[in-house]
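Below: the structure, in structure tokens.
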Amino acid sequence: MANITFPFPFPVILPVLPEIIVAVMAMVILIWDLFLPAERKQWTAYAAIATCLVAIDATLRTTGADAQMAFYGQFVLDPFAGFTKLLIIGATIYGIVLSLDYMKSEKNIGEYYSLMLFSMLGMMLMVSATNFIIMYLGLELMALCLYVLVGYQRDVLRSSEAALKYFILGSLASCMLLYGISFLYGLSGSLDFAAVGQALGSLGDNSSMAVSLGLVFIIAGMAFKVSLAPFHMWTPDAYEGAPTPITAFMGVAPKVAGFAILARVVIDALPSLQADYVTIFSWLAVLSMAVGNIAAIAQRNIKRMLAYSTIGHVGFILLGLIAGGPEGYSAMLVYLAVYLFMNMGAFAIIILMRREGIQGELLDDFAGMSKVRPGYALAMGLFMFSLAGIPFLGGFWAKYAVLIAAVHAGHLYLALIGILFSAVGAFYYIRVVKYIYFDEERVAFDFSENPLMQATVAVTAIVVVAIGIFPQPLMDICRAALGGIV
Amino acid sequence: MGELNNVLGFPILSLSIFLPLIGAAAIWLFVHNDQAVRWSALLVSVATFLVTLPLWFSFDTSTHHMQFEEFHPWIETFNINYQLGVDGISAPFILLTSLLTVICVISAWECIAKRIKEYMIAFLVLETTLIGVFAALDTILFYFFWEAMLIPMYLIIGIWGGKNRVYATVKFFLYTLTGSVLMLIALLAMYFEAGNTFSILALMDYPFSFAWQFWIFLAFLIAFAVKVPMWPVHTWLPDAHTEAPTAGSVILAGILLKMGAYGFLRFSLPMLPDASQYFVPLMVGLSLIAIVYISLVAMMQTDLKRLIAYSSIAHMGFVTLGTFMFTQQAVEGAIINMISHGFVAAALFLCVGVMYDRLHTREIGDYGGVVNVMPVFAAVMLLFCMANVALPGASSFIGEIMVLIGTFNAEPVHLGMSTKWVAIAAATSIVLSACYTLWMYKRVIMGDLTKDTVKSMPDMSVREFAYFVPLILLVVWMGLYPLPVLDVMHVSVTHLIEQATTSKDAVAQALAQGLPPTGMH
């Protein structure tokens, strides 16, 4: 048999295999949805979950200890990208499972799951980018899908309002990001992270206005995406208005992707500006921890409260990035991984809970839950204590790891401020426990009884406790995941 | 890590830590009948108590080294180890914990009407964390148990407490959490300064300079002072005690308060000797305020539990005073006082519980003439009231007299005045505690039967009497023959005082100047 020769070099596509699978399946589900009768639309959800599982398998199989490049070096699959992709896909699976009951009554649900897969695809692309354009592409794919998902419940005014706010502010942030990238391109003549890094390094003059503008705009754009204060304004509204499964999804997955690509950018493209970005990040971290933890106290709606709680947590995660080095970045990954589980667990309980057929979203709605459903109450208590950072739960080690890293890197004051605000934060988390355990039931509960969701809650609670008692394996994995970048 | 000193060759400490936890999990999963829950909780707590007994019978009183040691790497990334062991200071507290838990389980037998299963589980989990605190030899492991303890206690007060329970439990949680957070900062600071180690034993040997000791001591002080509690951070305790269910108060007074003082003995004194000496005036001042001022406050209480809560703070003032005198007698007296207070305060709260179960009021004014209807109970309560006053023959007498003598003979460097005056001021407590305790006894137990409600009170049941018996025996035994208890702690305390009076600052300065270290033992 004659050798087949292509008229052009065949591109390396193996490292992109997970992305290809997801892209194809997202389109298939979109079309398949058209042919499904209304009562079988739910099948698209299971197809989406299957896609995610196949994507996990493909990611595990293709990720090696060495970095593999594709598309002429614009795309990289290294352990760092592989690990963050697993987190992103995991968050997407959670998002889909949580949607099963919640979105049952929506029409054309197939496109909903398809949009989630596209959004996930954008994030997967993002964490593998070695080039500002690929990063921007991934970011926009993720964001555009999220805008639609936030406003998915068209007949709910709150949902539409949230989507519009998110869209306008998000577009502004994308503009800032692009504007910042254009400065760096002007200075270096390249969009490749490493090339930009080299060019900036050889400039020698960090105080140049163009460099500063580029740095500030890029950070501002990314800070918006991961909802760091003072770029957090959209977060509470979008969280409150979005369908709750989407709130859970966007509370975790885009944060993982955002921090992963931010780490890659600062390591590869901005190493010569370390002193500058550390200063900016430090202020963002302090502000986020302060705004998140203090404003959360005043919230009566649990989704809004968790929105502010997210802002506080991203402030903590940023400490890992500020600390840098293997210790700092692995601490950041540990935090992201633990945060994935505890946040998703909390949202799962919110979604499971209904009061007289209406989705309970106020803190008051939790009153007396422990008497009706001790199992759910226990799980929610564990998630809340974990978010508060009480030992023997995963959240403690996450906080611990970033704080240790920050102190080792010489940021003692940041660590102290972090500890202070985690004590403040404990107040509103234990308040939820107070409602669950101490208050009397006021309105009848009406729990959603989906076995898949119940199993998810149970597994999540076990994972949070297991990480709390044996954090070493997770820490080892996160350290190994840095193979490609530091 | 060299050879582990464990005479039994068996992880007895781990077993006593995790047996209650496993028992709690088993009850949660498999036991669904209320009566079965009570019996299985009793079974688990008694089994745990039996497991801890070798800490007494196989204890080697001739060494200050840790015993029954266990060591496993836990989180290698941060050099955190699962390291356990006890010496003469911590062993008695583990026994006290396992004993009081049994008593708590029995005392809750009938009076807890709602959700008995969760209640028993909470107590067993609490026991796990408390034994863990006293057995941990790794600071993070210590912190782990210290913090985890908050969760069951938060729930115990919040679910089964009195009317104002939510306010009390949130206050309790936030006070202790703030203190704990500062402790975590101090632990991390020591970790970084001492070259990445969390081992309590290694930290005891590391020469911290005075500047380090100063700040770490202050952070520890706040954490431990909240727990003890010392004036002025004591205000959570009366609320927590008043609102907690009886058994919650028993554990709170019997064990939780001891954790703060134990922290001073385990961390502040041996690790920060120079700062401990430096802060003697502050500690003595706060202790005297607790003894004198809080005793006066106790006198004016109209709520039985509040009165005993304030009395506890005053007695803990004796403990902190003795701790910071750096003499053998005073420190041993402080520890005896802690153990004795564990019996006496626990018993007094149980007494209040007995009365509360009958009349559902804690107001002193609602009682009167109880002796006429409950003679046995009146005798039991008299015994513990006398013990609270530190009458000779009761365990508390031994503790208080040792603290007073030790204080009288002490010569702390930094006090700037004779400790004789301190001892004299502290001795007023004997009068003051007699005032508030006996006056309370008179108003509640003595007098004529004038209230119809009191007339209907039945005397103690056998079950109620049963849980007083071990406490009575222990109080009298320690009051008449304290030698075995003193023997257990003697060598450890001698070693502790040697650590606390050897300056680390001198060593640190010598090291900083490149001189060979001297003065290390």
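The values are calculated or read from the model by the stated rules, or taken from the named source; none is laboratory data. No experiment lies behind these values; they were computed from the predicted model shown. We place every Cβ from the backbone using ideal geometry, glycine too, and count neighbours over all the protein chains shown.
Out of B:Ala25, B:Ala36, B:Ala47, report the one residue that is modelled with pLDDT of 90 or more and in contact with a helix residue (DSSP H, G or I) (Cβ under 9 Å, 6 or more places away or on another chain).
The unique qualifying residue is B:Ala47.
Within the range A:345-398, can you find the residues that are modelled with pLDDT of 85 or more, over 29 Å from B:Thr178 (Cβ atoms) and within 13 Å of another protein chain (Cβ to nearest Cβ)?
The one that is modelled with pLDDT of 85 or more, over 29 Å from B:Thr178 (Cβ atoms) and within 13 Å of another protein chain (Cβ to nearest Cβ): A:Gly375.
Considering the range A:177-194 alone, what residues qualify as being on the phi < 0 side of the Ramachandran plot, surrounded by fewer than 17 Cβ atoms within 10 Å (Cβ to Cβ) and either among the small types (Gly, Ala, Ser) or outside any helix (DSSP H, G or I) (or both)?
A:Ser182, A:Gly186, A:Ala194
For residues that are within 11 Å of chain A (Cβ to nearest Cβ) and more than 10 Å from B:Ile140 (Cβ to Cβ), scanning just the range B:69-81, find the one that is modelled with the highest pLDDT.
Applying the filter and picking the extreme gives B:Pro73.
Out of everything in the range A:152-176 that is crowded, with 19+ Cβ neighbours inside 10 Å and of a type in the set (A, V, I, L, M, F, W, C), what residue ends up being nearest to A:Lys107 (Cα to Cα)?
Going through the qualifying residues, I end up with A:Ala163.
Only residues that are small (Gly, Ala, Ser) and touching a Phe, Trp or Tyr at 6+ places or on another chain (Cβ under 9 Å): list them for the range B:38-74, please.
Within the range B:38-74, B:Ser40, B:Ala41, B:Ser45, B:Ser58 qualify.
Every residue, every condition in (1) crowded, with 24+ Cβ neighbours inside 10 Å; (2) assigned to a helix (DSSP H, G or I); (3) within 18 Å of the chain's Cα centre (by Cα), yes or no:
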| residue | (1), (2), (3) |
| --- | --- |
| B:Trp231 | no, no, yes |
| B:Ala253 | yes, yes, yes |
| B:Ile289 | no, yes, no |
| B:His315 | yes, yes, yes |
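Take B:Gly333 and tell me if it is closer than 29 Å to B:Thr129 by Cβ and not aromatic (Phe, Trp, Tyr).
yes
Yes or no: the range A:452-462 includes at least one residue that is aliphatic (A, V, I, L, M), assigned to a helix (DSSP H, G or I) and either within 12 Å of chain B (Cβ to nearest Cβ) or within 25 Å of A:Ile267 (Cβ to Cβ) (or both).
For the range A:452-462, residues aliphatic (A, V, I, L, M), assigned to a helix (DSSP H, G or I) and either within 12 Å of chain B (Cβ to nearest Cβ) or within 25 Å of A:Ile267 (Cβ to Cβ) (or both): absent.
What are the residue pairs meeting all of these: first residue in the range A:416-427, first residue more than 10 Å from chain B (Cβ to nearest Cβ), second residue among the basic types (Lys, Arg), Cβ atoms under 8 Å, and 6 or more apart or on different chains?
Cβ pairs passing all conditions: A:Gly418/A:Lys399.
Scan the range B:115-123 and give yes if some residue there is under 26 Å from B:Ser62 (Cα atoms) and either within 14 Å of another protein chain (Cβ to nearest Cβ) or in contact with a Pro (Cβ under 6 Å, 6 or more places away or on another chain) (or both), otherwise no.
No, that holds for no residue.
Collect the residues in the range A:437-452 that are in contact (Cβ under 8 Å) with a residue 40 or more places away in the chain and surrounded by fewer than 24 Cβ atoms within 10 Å (Cβ to Cβ), keeping them in residue-number order.
Matches in the range A:437-452: A:Asp439, A:Glu440, A:Glu441, A:Arg442, A:Val443, A:Ala444, A:Phe445, A:Asp446, A:Phe447, A:Ser448, A:Asn450, A:Leu452.
Would you check if B:Gly132 is in a helix (DSSP H, G or I), within 13 Å of chain A (Cβ to nearest Cβ), modelled with pLDDT under 85 and buried (at least 22 other Cβ atoms within 10 Å of the Cβ)?
Criteria not met by B:Gly132.
Can you tell me which residues in the range B:147-184 are at the interface with chain A (Cβ under 8 Å from one of its Cβ atoms) and farther than 19 Å from A:Tyr428 by Cβ?
Within the range B:147-184, B:Ala148, B:Ile159, B:Arg165, B:Leu184 qualify.
If you scan the range A:428-451, which residues turn out to be more than 10 Å from chain B (Cβ to nearest Cβ) and among the charged types (D, E, K, R)?
Those that are more than 10 Å from chain B (Cβ to nearest Cβ) and among the charged types (D, E, K, R): A:Glu440, A:Glu441, A:Arg442, A:Asp446, A:Glu449.
Is it the case, given these coordinates, that B:Ile424 is part of a helix (DSSP H, G or I), free of Cβ contacts under 8 Å to residues at least 24 places away in the same chain and either within 25 Å of B:Ile401 (Cβ to Cβ) or under 28 Å from the mean Cα position of the chain (by Cα) (or both)?
Yes; evaluated as a whole, the condition is true for this residue.
For A:Ser114, indicate whether it is crowded, with 23+ Cβ neighbours inside 10 Å, of a type in the set (S, T, N, Q) and over 22 Å from A:Ile134 (Cα atoms).
Answer is no for this residue.
Taking into account only those residues within the range A:85-106 that are part of a loop (DSSP other than H, G, I, E, B) and touching a residue at least 12 places away in the same chain (Cβ under 8 Å), which is nearest to A:Met123 (Cα to Cα)?
A:Met103
Of the residues in the range A:230-246, how many are within 25 Å of A:Ile219 (Cβ to Cβ), of a type outside the set (A, V, I, L, M) and in a helix (DSSP H, G or I)?
Of the residues in the range A:230-246, 5 are within 25 Å of A:Ile219 (Cβ to Cβ), of a type outside the set (A, V, I, L, M) and in a helix (DSSP H, G or I).
Please enumerate the residues belonging to the range B:180-208 that are of a type in the set (Gly, Ala, Ser) and either touching a Leu at 6+ places or on another chain (Cβ under 8 Å) or modelled with pLDDT under 85 (or both).
Answer for the range B:180-208, where residues must be of a type in the set (Gly, Ala, Ser) and either touching a Leu at 6+ places or on another chain (Cβ under 8 Å) or modelled with pLDDT under 85 (or both): B:Ser180, B:Ala189, B:Ala194, B:Gly195, B:Ser199.
Take B:Leu29 and decide whether it is free of Cβ contacts under 8 Å to residues at least 12 places away in the same chain, within 14 Å of another protein chain (Cβ to nearest Cβ) and in a helix (DSSP H, G or I).
Here the answer is yes, as B:Leu29 does meet what is asked.
If B:Thr197 meets every condition in (1) touching a Pro at 6+ places or on another chain (Cβ under 6 Å); (2) assigned to a loop (DSSP other than H, G, I, E, B) apart from one, which number is that one?
Answer for B:Thr197: the failing condition is (1).
Checking A:Thr130 against (1) modelled with pLDDT under 90; (2) of a type in the set (Ser, Thr, Tyr); (3) in contact with a strand residue (DSSP E or B) (Cβ under 6 Å, 6 or more places away or on another chain): exactly one of these is not met. Which one?
Of (1) modelled with pLDDT under 90; (2) of a type in the set (Ser, Thr, Tyr); (3) in contact with a strand residue (DSSP E or B) (Cβ under 6 Å, 6 or more places away or on another chain), only one is false for A:Thr130: (1).
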